[in-house]
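Reading through the structure tokens given below for one structure.
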Amino acid sequence: MKVLIKNLYHESTRIKELVFQRYVKDMILISIGVIMATIGLKQFLLPNDFLDGGAMGLSLLTERATGINLSLWIIVINFPFILVGARQISLEFALKSILAIVALSLLVHFVDFKVITQDKLLISVFGGFFLGAGIGFTIRGGAVIDGTEVMAIYVSKKTSLTVGDFISVFNVILFAFAAFLFSVETAMYSMLTYFAASKTVDFIINGIEEYIGVTVVSSKSMEIKQAIIDNLQHGVTVYNTDSGYGRRGLDPNKNKVIYCVVTRLEVTKLILEIQKVDEGAFIVQHAIKDTKGGMIKKRPLH
């Protein structure tokens, strides 16, 4: 009984430590994100009257149109998105997002940075980079400072629009207003800023290595499995399955399916190893946003 109580205590302590470490990591990522977004706004976009896409772009557009301080608009425009996020995702997500948005608003209002360049191309690219990095790090921390995607998820559940469709329509309307209220040149540079920011967000969230899941159906599944383990030093998962009817009818030998996760750079080599064993193997590839645990990297050779 004492041993059981001791084990339960240790397990409870371990879980609390994991939760605490996660919160600390999230706060560090959110802090980095807020600082980088502030740099992008204060050193590049705001001094040169540039815009971005999404909720941040709408905040910048409204600030320029009304003259009211951007810090206020960042909170006001993102607030409805955060309410939606509280219902669609979680209260924890909403609270962390509120903290991140308020912190960003305060930094934008009170902190001044030296303007680095007047070159419009550099402003678009690097302003978008820093703002995108800020958004990306904040998302990695489990929060947002630009709530457009939260609203896009909500709208996609209520209508036939996908998340990508909503974001595209939102930004087209935003840039059209920018062209109408200011100039076509401003809208074009703002689009460039948005593209730089969105690509940076993808890079921060997905990392340097994009992982690919590969599913293999073959009558020589066990030989393929051994080839992957021996020649690529990668782990594999084998599923027991029932065969279906294809062009050649039911094949009782195709009762095992192999699943493997590799980086995009290793896909070609993996397919080569599969085809060495079975040129007719059925191979399906799909992108994976992120991975954790398991043997993703190659095992060390002994």
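Some points to look at:
- The stretch 116-133 residues that are outside any helix (DSSP H, G or I), paired with ones that are open to solvent by less than 50 Å² (accessible area, probe 1.4 Å) (beta carbon under 8 Å, 6 or more apart): ILE116/GLN43; ILE116/PHE44; THR117/PHE44; THR117/ILE123; GLN118/ASN48
- Test: residue in the stretch 2-24 that is modelled with pLDDT of 90 or more and over 24 Å from the mean Cα position of the chain (by Cα): no
- Only a single item in (1) at pLDDT 85 or above; (2) out of contact with any helix residue (DSSP H, G or I) (no Cβ under 6 Å at 6 or more places or on another chain); (3) open to solvent by less than 70 Å² (accessible area, probe 1.4 Å) is not met by LEU72, and it is number (3).
- Cβ pairs under 8 Å, 6+ apart, first in the stretch 39-52 and on the phi < 0 side of the Ramachandran plot, second open to solvent by less than 10 Å² (accessible area, probe 1.4 Å) and in a loop (DSSP other than H, G, I, E, B): LEU45/LEU51; LEU45/ASP52
- Boolean, VAL284 is among the aliphatic types (A, V, I, L, M), within 25 Å of the chain's Cα centre (by Cα), modelled with pLDDT of 65 or more and closer than 11 Å to VAL216 by Cα: yes
- Among the conditions (1) of a type in the set (A, V, I, L, M); (2) assigned to a helix (DSSP H, G or I); (3) more than 22 Å from ILE35 (Cα to Cα), ILE101 misses just one, which is (3).
- Among the residues making up the stretch 27-49, a single one is of a type outside the set (A, V, I, L, M), open to solvent by less than 20 Å² (accessible area, probe 1.4 Å) and more than 22 Å from the chain's Cα centre (by Cα): PHE44.
- For the stretch 76-95, the criterion of being among the charged types (D, E, K, R) and under 23 Å from ILE30 (Cα atoms) is satisfied by at least one residue.
The values are calculated or read from the model by the stated rules, or taken from the named source; none is laboratory data. As the structure is a computational prediction, the values presented were derived from the model and not from experiment. Virtual Cβ from ideal backbone geometry, glycine too; neighbours counted across all protein chains shown. These accessible areas exclude ligands, DNA and RNA; they are computed on the full protein's heavy atoms, side chains included. Shrake-Rupley method; radii C 1.70, N 1.55, O 1.52, S 1.80 Å.
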